Amino acid sequence: DAIPSADQIRITTSLKSQRGSVWTKNKSIFEYWEVEVTFRVTGRGRIGADGLAIWFTEEQGLEGPVFGAADKWNGVGIFFDSFDNDGKKNNPGVIVVGNNGKLLYDHQNDGSTQALASCQRDFRNKPYPVRVKITYYQKTLTVLINNGFTPDKEDYEFCAKVEDMVLPSQGYFAVSAATGGLADDHDVLSFLTFQLTEPGKETLYRSAEIPQKDKEKYQEEFEHFQQELDKKKEEFQKEHPDVQGQPGKTTCAFFLSADDLFETVSDRELRQIFEGQNRIHLEIKQLNRQLDMILDEQRRYVSAVTDEIAKRGTGFPGQQGQVSQQEIETVVKTQEEVIRQVNEIRNSMADTLRLISGAQHPGSAAGVYETTQHFNDIKEHLHVVKRDIEHLVQRNMPSSEKLKCPDLPPFPSCLSTMHFFIFVAAQTVLFIGYIMYRSQQEAAAKKFF
C-alpha cells in the first residue's frame, strides 16, 4: 500500500488494515553503519495505530503482520508502536527487537518480552518531522530521537542502547508501517545511510559496481571542485601574504565512541535543572520589569496628589480645605507605604536573580538547594507583605465612609490601592503556580530515565 511521490513516500494511508514497506534493492556491505530517518506520523484521533518500523535484515522482508513486514527476520527492527495492545499505558513507544529468523513477534505484549531496549516517546502529530539516528558501531546499537518539537535537526535525545549485539555483515535496510482498527498516515521524508570506519583503517570501496558514466561524472565534478579550491587558495595567499610559510592547519575527522553520543542520567538531570533555572530567571526578570512599571505609576500618582494638595491649600482656605487636605495626606501616606513594600519586593527579586546567576555555573549542587530555599523565603515574604498591606489599608480607611481619591486632572489615572493589591496577589499566585507546574513537568520527564 506504499505510495511514492517526489518528496516523500507514504508507507500507509490513514485507512484501516493497510500494510506497506520500502526496501533497498542492494545489500549494504558496511561493517559499521549509521542511518538517519525523517518521518511523520499524523492522524485525527487521540490514539493511532499500528505504527512504523525501521529494519536491517539479512534478506528482504515480505508483507506480514509485524508493522507491515514478515513475522520472522534475521537482523534487527526498531519499532515505533502507536497502539497500546497490552493496556500498560506505555505507548507510543520505541522498541528494539532482534531476531535470528526463528522467533515470532509478541504482538499482545507489544514486544516487551522480546525487547532488547526501549523508551517511551510520543512521535504522533508533531509540528516538525521526527528524526531518528540509529548507529551500529563495534557491536553496539544506539538509537537517538529528535522529538519534532523544534526545527533544529541536531537536537537529538538518547532513547536506547544495546551492547554486544551481533548483526549480519551484509543486509537490507527498510521502512514499513501498518494500520489496524485505527489509522494514521505514515510518511517517510528521507532515509540517509552512512558508513562508519575505525580511525586508521582504510575505507573499502567496490569501484567495479560504479558505472563508467557515473565515474566520469564524479571525476569531472572533482576536478571542477579542485580548480575552485586552488583559486580560493591563491586569493587567500594574496590577501594574507604574512601567512605564507607558516604551517597549515589540517582538519581531522574522527569517530566518536558510542559513550560520547549520549548523556548520562546525572548530566541530564543537571541540564534539566539549569534549563529550569534559566526559565525561572526569565520569569523573574519579567516580574521585575512589571514591578518597575507599577512603581513609576505610583510615583506619578503621588506627584499628582502632591500638586493637588498645593492647589487646594491655596484655593480653598478654611475648615473644608483642612478636611480635604487631611484625607489627601492619608492617601499619600498609604501610597508611600505601598511604594516601600514594592521596593522591598523588587530588592528581593534582584537577590533571587543574583542567586540564580551564581547557581547556573558548574559545581552547583549546594547552589540549587540555596535557590530552592530562597524561593520558599520569597513566597513567605510575599504573603507577609500582602497581609501587612491589607492591614494597613484597613487601618487607614475610616469606619463610616470610604476614602475617595481626590479629583485630579484627566492625565494621571487614579489607580486604587485595592486594585494594586489584587494585581500583586495575582502575580504572586501565577508565579508560584508556574514554578510548581514546571517542577511537576520535570518530575514526569525524569521518571522514564
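The values are calculated or read from the model by the stated rules, or taken from the named source; none is laboratory data. Fair warning: this is a prediction, and the values are worked out from it, not measured in the lab. For neighbour counting, all protein chains shown are included, and Cβ atoms are generated from backbone atoms with ideal geometry for every residue, glycine included. Surface areas here come from the heavy atoms of the whole protein model, side chains and all, with no ligands, DNA or RNA. Shrake-Rupley method; radii C 1.70, N 1.55, O 1.52, S 1.80 Å.
Residues satisfying the criterion are absent from the stretch 32-48 (criterion: over 18 Å from Val94 (Cα atoms) and crowded, with 20+ Cβ neighbours inside 10 Å).
Any residue at all in the stretch 197-210 that's outside any loop (DSSP other than H, G, I, E, B), at pLDDT below 90, hydroxyl-bearing (Ser, Thr, Tyr) and surrounded by fewer than 14 Cβ atoms within 10 Å (Cβ to Cβ)? I'd like the intermediate steps shown before the answer.
So the first thing to find is which residues in the stretch 197-210 are outside any loop (DSSP other than H, G, I, E, B), and the list is 207-209.
Adding the requirement that they be at pLDDT below 90 leaves 207-209.
Imposing the further condition that a residue be hydroxyl-bearing (Ser, Thr, Tyr) reduces the set to 207.
Okay, now just the ones that are also surrounded by fewer than 14 Cβ atoms within 10 Å (Cβ to Cβ), so 207.
Checking the stretch 197-210: at least one residue is outside any loop (DSSP other than H, G, I, E, B), at pLDDT below 90, hydroxyl-bearing (Ser, Thr, Tyr) and surrounded by fewer than 14 Cβ atoms within 10 Å (Cβ to Cβ).
Given the criteria closer than 11 Å to Ser176 by Cβ, over 29 Å from the mean Cα position of the chain (by Cα), open to solvent by less than 30 Å² (accessible area, probe 1.4 Å) and not acidic (Asp, Glu), does Gly51 qualify? Spelling it out, it is not the case that Gly51 is closer than 11 Å to Ser176 by Cβ, over 29 Å from the mean Cα position of the chain (by Cα), open to solvent by less than 30 Å² (accessible area, probe 1.4 Å) and not acidic (Asp, Glu). Test Ala6 against the stated conditions and say whether it is open to solvent by less than 10 Å² (accessible area, probe 1.4 Å), over 20 Å from Gln195 (Cβ atoms) and not acidic (Asp, Glu). No; evaluated as a whole, the condition is false for this residue. Within the option set Ala115, Ala178, Ala174, Ala183, being free of Cβ contacts under 8 Å to residues at least 40 places away in the same chain and among the aliphatic types (A, V, I, L, M) holds for one residue only, Ala115.
The C-beta contact set for the stretch 147-162 (first residue surrounded by fewer than 18 Cβ atoms within 10 Å (Cβ to Cβ), second residue assigned to a strand (DSSP E or B) and among the polar types (S, T, N, Q), distance under 6 angstrom, 6+ apart or interchain) comprises Asp155/Asn146.
The set of residues in the stretch 13-40 being under 27 Å from Asp155 (Cα atoms) and either without any contact (Cβ under 8 Å) to a residue 12 or more places away in the chain or of a type in the set (S, T, N, Q) (or both) consists of Thr38 alone. Every condition in (1) modelled with pLDDT under 90; (2) touching a strand residue (DSSP E or B) at 6+ places or on another chain (Cβ under 8 Å); (3) open to solvent by 70 Å² or more (accessible area, probe 1.4 Å); (4) not aliphatic (A, V, I, L, M) is met by Tyr105 except one, and the failing one is (3). Number of residues in the stretch 13-32 that are aromatic (Phe, Trp, Tyr) and either in contact with a helix residue (DSSP H, G or I) (Cβ under 9 Å, 6 or more places away or on another chain) or within 17 Å of Glu63 (Cα to Cα) (or both) equals 1. Can you tell me which residue in the stretch 24-81 is nearest to Phe149 (Cα to Cα), limited to those that are basic (Lys, Arg) and either touching a strand residue (DSSP E or B) at 6+ places or on another chain (Cβ under 7 Å) or not in a loop (DSSP other than H, G, I, E, B) (or both)? Step by step, filter the stretch 24-81, then rank; the result is Arg40.
When the criteria are applied in full, Thr135 meets the requirement of being outside any loop (DSSP other than H, G, I, E, B) and of a type in the set (Ser, Thr, Tyr).
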